[in-house]
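Worksheet for the structure shown next.
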Amino acid sequence: MALLKSAHGGNIREAAALLGIAPGELLDFSANINPLGMPASLRQAIVDNPGCAERYPDVEYQQLHQALAAHHQLPAAHILAGNGETESIFTLVHGLKPRRAMIVIPGFAEYRRALQTVDCEVVEYALRERDGWQLTDAILDALTPALDCLFLCTRTTPPACCRSGACWKPLRSAAGR
């Protein structure tokens, strides 16, 4: 049974109340929120552009898709934007509707939750302490044609575990099998 009623990270008020402490006494690592606060440049941009907050943003993210596509020289259809990572994960899973997917654990719980909503069989690939909880080439043997997708997150993302980018090529090759 979960201690918190909320399934989503970032609910430090509920956690603080449960612990009997002030929310300011907690450092929250359950959500992608900068513990150092908002950068001064962003704060100033908000102050300088109050009109932008007076209308609802583009709910289809079309302008964002176009800008990111142009910047990264990709088709806009290859860009997925959302109102937070959880929305993006659920949108992706509901679009792909995988039958069998692998998640690397420990990792972000939302991948499993999203996959369960489409009745996907979830296969776990557990990181090992002896490997420093980092992804190794051993995952390549676990990637089989029976998998429809693989989710890598937090420290298990290739840039985090393979700073040179050298692990992308074997993962792409394995995905093509």
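The values are calculated or read from the model by the stated rules, or taken from the named source; none is laboratory data. The structure displayed is predicted, hence computed values, not measured ones. Note: ideal-geometry Cβ built from the backbone for every residue, glycine included; neighbour counts use all protein chains shown.
Considering only residues in segment 70-88 that are out of contact with any helix residue (DSSP H, G or I) (no Cβ under 6 Å at 6 or more places or on another chain) and assigned to a helix (DSSP H, G or I), the one that is nearest to residue 108 (Cα to Cα) turns out to be 85. Here residue 124 meets each of (1) out of contact with any strand residue (DSSP E or B) (no Cβ under 8 Å at 6 or more places or on another chain); (2) within 28 Å of residue 141 (Cα to Cα); (3) among the acidic types (Asp, Glu) with one exception, condition (1). Could you please find all residues in segment 36-62 being more than 30 Å from residue 26 (Cβ to Cβ) and surrounded by 11 or more Cβ atoms within 10 Å (Cβ to Cβ)? Listed by number, the residues that qualify are 58, 61, 62. Checking the stated criteria, residue 91 turns out not to satisfy the condition of being β-branched (Val, Ile, Thr), modelled with pLDDT under 90, outside any loop (DSSP other than H, G, I, E, B) and under 18 Å from the mean Cα position of the chain (by Cα).
Considering 17, 69, 22, the condition of being over 30 Å from residue 95 (Cα atoms), surrounded by 12 or more Cβ atoms within 10 Å (Cβ to Cβ), of a type outside the set (Lys, Arg) and modelled with pLDDT of 90 or more is satisfied by 17 alone. Just give me the residues in segment 24-69 being more than 27 Å from residue 13 (Cβ to Cβ), of a type in the set (D, E, K, R) and outside any loop (DSSP other than H, G, I, E, B), in sequence order. Across segment 24-69, the qualifying residues are 48, 54. Quick check on segment 144-154. Is at least one of its residues more than 14 Å from residue 175 (Cβ to Cβ) and not hydrophobic (A, V, I, L, M, F, W, C)? Yes, that holds for at least one residue. Could you tell me whether residue 56 is more than 21 Å from the chain's Cα centre (by Cα), more than 23 Å from residue 125 (Cβ to Cβ), among the aromatic types (Phe, Trp, Tyr) and at pLDDT below 90? It is true that residue 56 is more than 21 Å from the chain's Cα centre (by Cα), more than 23 Å from residue 125 (Cβ to Cβ), among the aromatic types (Phe, Trp, Tyr) and at pLDDT below 90. Please pick out the residue among 128, 55, 113, 99 that is of a type in the set (D, E, K, R), in contact (Cβ under 8 Å) with a residue 40 or more places away in the chain and over 20 Å from residue 175 (Cβ atoms). On inspection, the qualifying residue turns out to be 113.
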